[in-house]
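The values are calculated or read from the model by the stated rules, or taken from the named source; none is laboratory data. Note that the coordinates shown come from a computational prediction; the quantities given were computed from them, not determined experimentally. In this analysis, Cβ positions are derived from the backbone assuming ideal geometry, glycine residues included, and neighbour counts consider all displayed protein chains.
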Amino acid sequence: MTALSSTFKCLLIILILLNVHTHTTNARKTESVLKYFGTVPAVPSVEHTAAYQSREPPRSVNEALNAHLKPSPSKVSKSKASKAPLSILDKLNDKIAKLGINSWTKPRKGSFDVVSGHGREEVGAGSSNEASLKYSAYVAPPSFFQLLFRFLHLTLTFSPVFLSALPAFLSTFIRESIFYPLLVRSLSQAGPAFIKWGQWASTRADMFPLRLCDEMGTLHANAPAHPFKYTKNLVEDALQEGGTCGEEGKSCFDSVFTSFSHSPVASGSIAQVHKATIRPSNPSSPGTEVAIKVRHPMVAELIDRDFRIMRKLGSIIDTLSGGWLSVRSSIEQFSHTMAEQARLDVEGYHLDLLNYNFRGWPRVNFPRTIYATQTIVIESFETGEVVGDLLKGLSSSDNRVSPQLASFIVTLGESLYLKMLLVDNLMHADLHPGNILVDMTGLEEDKFKLTLVDAGMVAQLNEAESMNFIGLLSALGASDADKAAEAVLSFGGVPTKNDEFVVDMRELFKERCRGYGHNVDVGEVLRGVLNLVRKHQIRISANYATLVVNVLCIESMAKKLVPDYNVLDAGKPLLSSYRKLLCYKPKSRTRRLIFKLWMPVAHMIKARNDKRFFKMLHERMGVEWRGEKRRRRRRRLKKFVGGAIAAGLTVSLGIESAMKR
C-alpha cells in the first residue's frame with residue numbers, strides 16, 4: 001500500500017508540473033486542435049487570415065452546398081424555383097462524369113472541392129494569397145478528469161520504457177536491444193498521435209539515433225479496424241450533409257451504393273479504407289468503384305488530449321536538454337501535420353492540387369476526389385500492384401519485376417520527385433514504396449502507370465527551402481563540401497556559421513562524395529550529413545526532413561530494383577539546369593519563367609540518358625530493351641506503308657499508260 005500511495009503521489013506531482021490546462025465549467029465555444037497549437041494549413045500561408053483569427057468555424061459542407069445550389073430569386077423563374085434539388089447520388093454521378101474535365105482546373109486557393117461542379121466550401125478564405133485550410137476537426141475541450149485518465153493510461157502504457165530508461169542510458173546493448181523495441185511497442189499501443197509521431201520521428205535522423213529511427217520505421221499502418229456499423233452510420237451522416245438522399249423509404253447509404261465491403265481494404269492510425277460501388281444514374285450502366293476512407297472514432301479527441309500532454313512534456317525535456325533538441329518545436333510542427341490528417345477533406349484538396357500539377361503526365365496518376373467531408377473522403381478506386389510488395393518478392397520465386405518494369409519505376413519515380421521539388425514546390429510527404437502503385441495492365445504494350453496514394457501529408461516549400469535543398473543536391477554532384485555545408489546551415493531558417501561542421505563536411509565529402517560520374521551513394525552521404533547535423537546540434541525544419549526522407553526512399557527503391565542506377569547522376573540534367581538558369585536566386589521572375597519553359601527539355605534529356613543507360617544495361621544482361629519491339633513494329637509499318645504506296649503508284653501509272661495507248 002505504501003508503494004502504491006507513493007506511486008500516486010508521484011503521478012500527482014508530475015501532473016502538477018505539467019500544468020495541464022483544463023476546462024471544467026462554463027463550456028466554451030468548441031475549439032479545434034490547431035486553435036490550441038497554432039496553425040499550419042494544407043498549403044502553408046505566411047499570415048493568419050481574418051477568418052481564422054476570429055476563430056469562427058467554417059461553414060459546414062451542407063451549408064456550402066445549399067448556399068451554392070440555392071438560386072437567386074431575381075434571376076430564376078417560378079418554374080425553376082419549384083424544381084426539386086439534386087439528390088446526393090446525382091451529384092456524385094455528375095462529379096464522376098466530370099472528373100476528366102475538372103482535373104485540368106486548378107483548385108482555388110483557400111478552398112477545396114466538396115462535390116465539383118455543384119459546390120465548394122471556403123475554409124478560412126481571407127486576404128492571404130495562399131491557400132488557408134487552417135482547421136482541424138472541431139472537438140469539445142477535454143475536462144480535467146478526461147485529461148487525468150488519459151495521462152494515467154499513457155503512464156501505464158509507457159511504464160516499461162520509464163523503468164528501462166536508466167539501464168539503457170548506461171548500456172548501449174540494453175538501449176538498442178531492449179529500450180528501443182519497448183519504446184516502439186508502447187508507441188503502437190498509445191493511440192494515433194503516438195503512432196504517427198513514431199512514424200514521423202523515424203524520418204528525423206537529424207534528431208534521433210539512426211538505430212532508433214530504423215526501429216520506429218517498423219510502425220506500420222495495419223492498425224485495428226473499427227466496426228462496420230460505425231462506418232455505415234458515419235458515411236450516411238456525411239452523405240446527408242451533401243443533399244437529399246433521393247428515393248423515399250431508402251437510407252442514403254442504400255440509395256447511393258450498390259455494394260460496400262464490410263471489411264476494410266486497409267486500416268491506419270487515423271482512418272480505414274473500404275471499397276464500394278456507387279449506383280449509376282442509368283440502371284443499365286455498371287456502377288463506379290470507389291475507395292472510401294472513414295475516420296476512426298474518437299481520433300480527433302484523442303489527438304487533442306495527447307498533444308496537450310505531449311507539448312508540456314516537450315517543454316520539460318527542452319529545459320533539461322538546454323533546448324537544442326527543440327522537442328516542443330518538433331511536437332508542435334507534428335501536431336499541425338496530425339491536425340491536417342484528422343480532417344479528411346484536406347486530403348481531398350491535396351489530391352486536387354497534385355492531379356492539377358501532373359495533368360500533363362499520362363503515366364503518373366493520383367486518386368480523384370469525388371466527395372469530401374471532415375470524416376470521410378470518397379476517391380476513385382485505383383488498381384495496381386503495391387511497389388513495396390514487389391520489392392519484398394525480389395529475392396523469392398514470386399519475382400514479378402521484369403527489367404522493363406524496374407527501369408520504369410525507378411526513372412519515373414525520380415522524375416516526378418524532381419518535378420515536385422524544382423517546379424511545383426509541393427511535395428508528397430510520404431513517398432515510401434507502400435504508397436506507390438504500379439498498373440501493369442498494359443504489360444504487352446509497355447504502358448505502365450504509377451499511382452501515388454495517401455496524400456494526407458504534403459510539404460509546401462517556400463523559395464528558400466527549395467533553393468537550399470536543391471543547393472545541397474547540386475553541391476553533392478559538384479563535390480563541393482563548402483557549398484553543401486552552407487546549404488545545410490540555412491536549413492533552420494536563418495543562416496549560421498559553424499566552422500567545425502564545415503571541417504567535418506569536408507572530411508565526409510573527401511571519403512564518400514566525389515561528384516557526378518563517380519557512383520556516389522546518395523543515401524550514405526545524406527545519412528552522414530544528418531549524423532553531423534545531430535552531432536553539431538544544428539536545427540533544421542520539418543520540410544527539409546521530408547525532402548531528405550523522400551530522397552532516401554527513392555534511392556533505396558532504385559538500389560533494390562536496379563543496383564547499377566545512380567539517382568544523382570540521373571538527375572544531373574535537371575539539377576544543372578536549375579543551377580545555371582536560376583543561379584540559386586529564384587526571385588527573378590524572368591529567370592523562373594525561362595526555367596519552367598526549359599524543364600520539359602531537361603526532362604527529355606534525362607529520359608534520353610536513361611534510355612541509353614538501360615539499353616546498355618539490358619544488352620549486358622541479355623534482355624531485350626523495352627523499346628526494341630516498338631521500333632521493329634514501326635519499321636515494319638513503314639515498310640508496309642511504303643510498299644503499299646509504291647504499289648499504288650505503279651498500278652496507277654500502269655493504268656494511265658494503258659489508257660493513253
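Details
- Residue check for Val458: buried (at least 16 other Cβ atoms within 10 Å of the Cβ), under 25 Å from the mean Cα position of the chain (by Cα) and over 19 Å from Tyr356 (Cα atoms): no
- The conditions of being in a helix (DSSP H, G or I), at pLDDT below 85 and touching a Cys at 6+ places or on another chain (Cβ under 9 Å) are not met by Arg579.
- Of the numbered criteria (1) on the phi > 0 side of the Ramachandran plot; (2) over 18 Å from the mean Cα position of the chain (by Cα), the one Asn425 fails is (2).
- In the set Gly492, Gly477, Gly471, only one residue is within 31 Å of the chain's Cα centre (by Cα) and not in a helix (DSSP H, G or I); that residue is Gly492.
- Failed item, numbered, when Leu450 is tested on (1) buried (at least 16 other Cβ atoms within 10 Å of the Cβ); (2) more than 21 Å from the chain's Cα centre (by Cα): (2)
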